[in-house]
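The values are calculated or read from the model by the stated rules, or taken from the named source; none is laboratory data. None of these values were measured; they are calculated from a predicted model. Cβ placement follows ideal geometry from the backbone for every residue including glycine, while neighbour counts extend to all protein chains displayed.
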Amino acid sequence: MAKRSKAGQITRFAPSPTGYLHIGHAFSALTAFHARGKGGTFHLRIEDIDPARCKPEFTDAILEDLAWLGLDWEKPVRKQSEHMDDYDKALRKLTTKGLLYPCFCTRTEIKAEIEQSGHAPHGPDGPIYPGICKKLSDEKREDRIDKGDPHVRRLDMQGASAIAGPLAWKDKNQGLVKAKPERFGDVVLARKDVPTSYHLAVTVDDHLQEITMVNRGDDLAPSTDVHRLLQGLLGYTPPGYDHHRLIRNTSGRRLAKRDQDMTIRALRENGYTPEEVVNMTGFEE
Ligand code: GLU
């Protein structure tokens, strides 16, 4: 486990290896790298829990492209796929508190239930789960689990919020922000295909790596509501947050991995220097 630095921050850049990094990622990585300050520590974390979308060759490309940009980081690099035990421990803790329940619903069943009820409240991650499996008896749950029925594990948001009480985080740009995780509904913390989720893995890792400042794009700002709640439930000290601006393409849309011409790889191959790519991101220390 990383030691807490005496000075500076402990920061991280946490890409998912689902494609080549683009200049938006470079901006985010540079922001986190420089935010560590004097005496601080910078971690690179590979968020590869999704076996269908993550590829080892993209992990290799991430390391290579960031090194080319002049960044270096603490070793070894943490790869989430190698730490399922840590996520399991957190899930057990939440289970002991009675805050997780198995959900056997398919997407189609959830959609049908929402349509039938005539109202479809949406949260930042999509439609709010209508609570079908929350009503199942313990007996029915055990029965279906014993039968090997595929299921996710959801957080009982109402119960969780009641236990955690009001929470807030320190945001570099907005000051103290009140967490409103309720707007997500009963989020999935363990998926059917992998026994964790983005929200859980990122919260556990930021804690275990003793991250003191999370720098990430403002598209992820809503997720911080859920992360702050999980920190409260799991007894973690919350880091500070800097939800930075996103880099947009010429038509004003935020860059995505499909913007192939703006990948660091393509820019390298087209003869740009690291300094030119850094300038292109608009990053200023
Ligand atoms: N892995 C996430 C992504 O690539 C970022 C997670 C985070 O910074 O919290 O979008």
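Can Thr263 be described as over 30 Å from Ala120 (Cα atoms) and of a type outside the set (Asp, Glu)? Walk me through how you get there before you give the answer.
Values: over 30 Å from Ala120 (Cα atoms): yes; of a type outside the set (Asp, Glu): yes.
Yes.
Mind checking which helices (runs of 4 or more DSSP H) fall wholly inside region 164-271 and carry at least 2 residues that are exposed (fewer than 15 other Cβ atoms within 10 Å of the Cβ)?
On the way: elements: 198-208, 223-234, 264-269.
It comes to 264-269.
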> If a residue has to be within 13 Å of the ligand (Cβ to nearest atom) and either free of Cβ contacts under 8 Å to residues at least 60 places away in the same chain or not acidic (Asp, Glu) (or both) to count, how many in region 42-55 make the cut?
Replying inline: 8
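Does at least one position in region 264-275 carry a residue that is touching a Lys or Arg at 6+ places or on another chain (Cβ under 7 Å) and more than 21 Å from Pro166 (Cα to Cα)?
From region 264-275, those touching a Lys or Arg at 6+ places or on another chain (Cβ under 7 Å) are none; that's our starting set.
So far as region 264-275 goes, no, none of its residues is touching a Lys or Arg at 6+ places or on another chain (Cβ under 7 Å) and more than 21 Å from Pro166 (Cα to Cα).
From the set of residues in region 1-18 that are more than 13 Å from Gln209 (Cβ to Cβ) and either modelled with pLDDT of 95 or more or in a strand (DSSP E or B) (or both), which is farthest from the ligand (Cβ to nearest atom)?
Going through region 1-18, the residues more than 13 Å from Gln209 (Cβ to Cβ) turn out to be 6-8, 15-18.
So of that shortlist, the ones also either modelled with pLDDT of 95 or more or in a strand (DSSP E or B) (or both) come out as 8, 15-18.
Working: Gly8: 19, Pro15: 5, Ser16: 4, Pro17: 9, Thr18: 8 Å.
Ranking the candidates gives Gly8 first.
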>> Being away from the ligand (no atom under 16 Å from the Cβ), modelled with pLDDT of 95 or more and either aliphatic (A, V, I, L, M) or more than 30 Å from Pro102 (Cβ to Cβ) (or both) narrows it down to one residue among Leu200, Leu234, Leu208, Leu189; which is it?
In response: Leu234
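Can you tell me which of Leu66, Leu44, Leu94, Leu71 is aliphatic (A, V, I, L, M), modelled with pLDDT of 95 or more, assigned to a strand (DSSP E or B) and out of contact with any Ser or Thr (no Cβ under 9 Å at 6 or more places or on another chain)?
Details: Leu66 fails: assigned to a strand (DSSP E or B); Leu94 fails: assigned to a strand (DSSP E or B); Leu71 fails: assigned to a strand (DSSP E or B).
On inspection, the qualifying residue turns out to be Leu44.
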> Name the residues in region 19-41 that are within 14 Å of the ligand (Cβ to nearest atom), under 20 Å from Arg253 (Cβ atoms) and outside any strand (DSSP E or B), would you?
Replying inline: Gly19, Tyr20, Leu21, Gly24, His25, Ala26, Phe27, Ser28
> In region 150-171, how many residues are more than 20 Å from Leu99 (Cα to Cα) and touching a helix residue (DSSP H, G or I) at 6+ places or on another chain (Cβ under 9 Å)?
Replying inline: 3
